[in-house]
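Only one structure is covered here, and it is reproduced in the block below.
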Amino acid sequence: MITVEEWQKLKVGDVVWLASQEVVEPMRLIISKITEHRFYCGKSCFDKKHYIFFMSLSDVIQAVNFRLKIQIEKIQAQIKSNLNMKE
């Protein structure tokens, strides 16, 4: 997550990383505009307090991998449940 202090240092043209749950891989975004509570990357607008944005690639990779691990565990539990119902 990007801290308040880090947001204060960011400027237009800087890169932030998005840990998207839908895409399941880090996404590189270039800031095109920054306001007090939001920032823009192209035509997309995001809230600065959203927890899915990171400053470094290594941090975003850890976040994405953690989310993938949770998804895998849920899928494995569902498979086990389905197999138990079949028996």
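The values are calculated or read from the model by the stated rules, or taken from the named source; none is laboratory data. Model, not experiment: these values are computed from the prediction. As a convention, Cβ positions derive from the backbone with ideal geometry for all residues, glycine included, and neighbour counts pool all protein chains shown.
Within the set of pairs 6+ apart or on separate chains, which have a first residue in segment 53-70 that is within 26 Å of H37 (Cα to Cα) and without any contact (Cβ under 8 Å) to a residue 24 or more places away in the chain, a second that is hydrophobic (A, V, I, L, M, F, W, C) and not in a helix (DSSP H, G or I), and C-beta atoms under 9 Å apart?
Going by the 9 Å Cβ cut-off, the qualifying pairs are Q62/A19; Q62/F54.
Identify all residues within segment 53-87 that are part of a helix (DSSP H, G or I) and among the polar types (S, T, N, Q); write none if there are none.
The answer is S58, Q62, N65, Q71, Q76, Q78, S81, N82, N84.
Listed here are the residues, each with its yes/no results for (1) modelled with pLDDT under 95; (2) aliphatic (A, V, I, L, M); (3) part of a loop (DSSP other than H, G, I, E, B); (4) surrounded by 12 or more Cβ atoms within 10 Å (Cβ to Cβ).
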residue: M1; (1), (2), (3), (4): yes, yes, yes, yes
residue: Q8; (1), (2), (3), (4): yes, no, no, no
residue: V12; (1), (2), (3), (4): no, yes, yes, no
residue: L18; (1), (2), (3), (4): yes, yes, no, yes
residue: V24; (1), (2), (3), (4): yes, yes, yes, yes
residue: M27; (1), (2), (3), (4): yes, yes, no, yes
residue: F39; (1), (2), (3), (4): no, no, no, yes
residue: Y51; (1), (2), (3), (4): yes, no, yes, no
